[in-house]
Amino acid sequence: MCGWARELGFARVGVADVDLATAEPGLLAWLNNGFHGGMDYMAAHGLKRARPAELVPGTVSVITARMDYLPQGTPADWQPVEFARLDRPTEGIVSLYARGRDYHKVLRARLQKLAERIAAEVGPFGHRAFTDSAPVLEAELATRSGQGWRGKHTLVLSREGGSMFFLGEIYVDLHLPRTEPTGAHCGQCTACIDVCPTRAIVAPHRLDARRCISYLTIEHDGAIDEDLRPLIGNRIYGCDDCQLICPWNKYAQTSRLADFDARDGLAGSDLPTLFGWNEEEFLRRTEGGPIRRIGHVRWLRNIAVALGNALAALPAGDTRRAPLQAALQARAENPSALVREHVQWALGR
């Protein structure tokens, strides 16, 4: 199975048991604290998330897979290169994973192909593939199957690949030999906690999504809290800071698939240009990619915040201010009240 998986672009596969009972108290505490924010789907399925055999009746094993996503051609010093974008306030930052094709599409298709190869070997069997698309405790299953350990930022870390990878699962009705979990190797390091701009990592292994920039710019569909807007900086879709600072990501691997290579315009573009995309251009440029899921209105909301932060960062008289103000003024009468609110806030910066 490992050979087939590698042919399909996966870095590693493992097998987990379906008994996740020990993960249930932590899941309930996280939900009870409201740390899931507006992600109601996280609570909607209750403990079914921690009970694979209830989610997909007949499941007795879970095949887990991870796929590296750093774009091909990523330089060895990619971490400082990405951090340097924060020092260019007029540049819009899109999270690394989102610059290429939608990972949901890529992984789901390849997980299905892996299941088909297994079926060709052992005969038909019951299965269902998931990629961040259902009430599945992906990180828990990944750690139990030896993909890595949970970092203090809650992401899975691997000694061979850092954390720059996607996870996917195939729930199967086959009894498969389990792969052994690995130990944790974060030690006393708190770099990810310390670097978080909004202090969303409230304790080791505990994330308050309501403060997380990735949540705010992707999952959250309303107005962004005014106290948090200045902390977002020029991040317009997602945030990689806790991964950029992680020492283990010096071992992050580039993808063997061209799917995750950055699309034109999603790395290094200036904010006024991105803010100028009308809905048609937004849909065209994001077709087949994950950014399209947030829609044009939230895209504009996010960039308006970044434009306001850029204005606050640039000194009076700086020639870069005029294009930012002009871009905002052009959207001041936008049909969306959400966009108008964030534009007015930005102009006041």
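Remarks
- Within the range 307-325, the residues that satisfy the criterion of being among the aliphatic types (A, V, I, L, M) and under 10 Å from residue 347 (Cα atoms) are 307, 311, 312, 324.
- Inside the range 150-175, residues that are farther than 28 Å from residue 259 by Cβ and aliphatic (A, V, I, L, M) make up a count of 1.
- Answer residue from the range 118-136, given it is more than 24 Å from the chain's Cα centre (by Cα) and of a type in the set (A, V, I, L, M) and is nearest to residue 151 (Cα to Cα) among those: 118
- Here the range 208-239 is the region considered, the condition is being in contact (Cβ under 8 Å) with a residue 12 or more places away in the chain and charged (D, E, K, R), and the residue that is nearest to residue 153 (Cα to Cα) is 208.
- Per the listing 285, 210, 235, 256, the residue uniquely outside the structural domain of residue 312 (by TED's automatic domain parsing) and at pLDDT 95 or above is 235.
- One residue stands out in the range 145-169 among those that are surrounded by fewer than 24 Cβ atoms within 10 Å (Cβ to Cβ) and over 18 Å from the mean Cα position of the chain (by Cα): the one that is farthest from residue 96 (Cα to Cα), namely 146.
- Residues of the range 149-176 that are free of Cβ contacts under 8 Å to residues at least 40 places away in the same chain and not in a strand (DSSP E or B): none at all.
- Scanning the range 68-85 for residues that are among the acidic types (Asp, Glu) and either touching a residue at least 40 places away in the same chain (Cβ under 8 Å) or not in a loop (DSSP other than H, G, I, E, B) (or both) yields 68, 82.
- Some residue of the range 297-314 being surrounded by 14 or more Cβ atoms within 10 Å (Cβ to Cβ) and of a type in the set (Lys, Arg): yes
- Scanning the range 86-96 for residues that are surrounded by fewer than 19 Cβ atoms within 10 Å (Cβ to Cβ), part of a helix (DSSP H, G or I) and touching a residue at least 24 places away in the same chain (Cβ under 8 Å) turns up just one, 86.
- Restricting attention to the range 258-292, the residues that are without any contact (Cβ under 8 Å) to a residue 24 or more places away in the chain and either closer than 25 Å to residue 10 by Cβ or assigned to a loop (DSSP other than H, G, I, E, B) (or both) total 6.
- When we screen 115, 139 for residues that are in a helix (DSSP H, G or I), under 15 Å from the mean Cα position of the chain (by Cα) and over 19 Å from residue 262 (Cβ atoms), the only hit is 139.
- Unmet requirement for residue 65, which otherwise passes all of (1) in a helix (DSSP H, G or I); (2) under 22 Å from residue 259 (Cβ atoms): (1)
- If the condition is being over 28 Å from the mean Cα position of the chain (by Cα) and assigned to a helix (DSSP H, G or I), then the range 303-323 contributes 321, 322, 323.
- Note on the range 238-253: residues that are among the hydrophobic types (A, V, I, L, M, F, W, C), in contact with a Ser or Thr (Cβ under 8 Å, 6 or more places away or on another chain) and either in a loop (DSSP other than H, G, I, E, B) or at pLDDT below 95 (or both) amount to 3.
- Subset of the range 171-218 (residues that are under 20 Å from the mean Cα position of the chain (by Cα) and among the β-branched types (Val, Ile, Thr)): 193, 195, 198, 201, 202, 213, 217, 218
The values are calculated or read from the model by the stated rules, or taken from the named source; none is laboratory data. Treat the numbers as computed from the prediction; the structure is a model and nothing was measured. Positions of Cβ are backbone-derived with ideal geometry, glycine not excepted, and every protein chain shown enters the neighbour counts.
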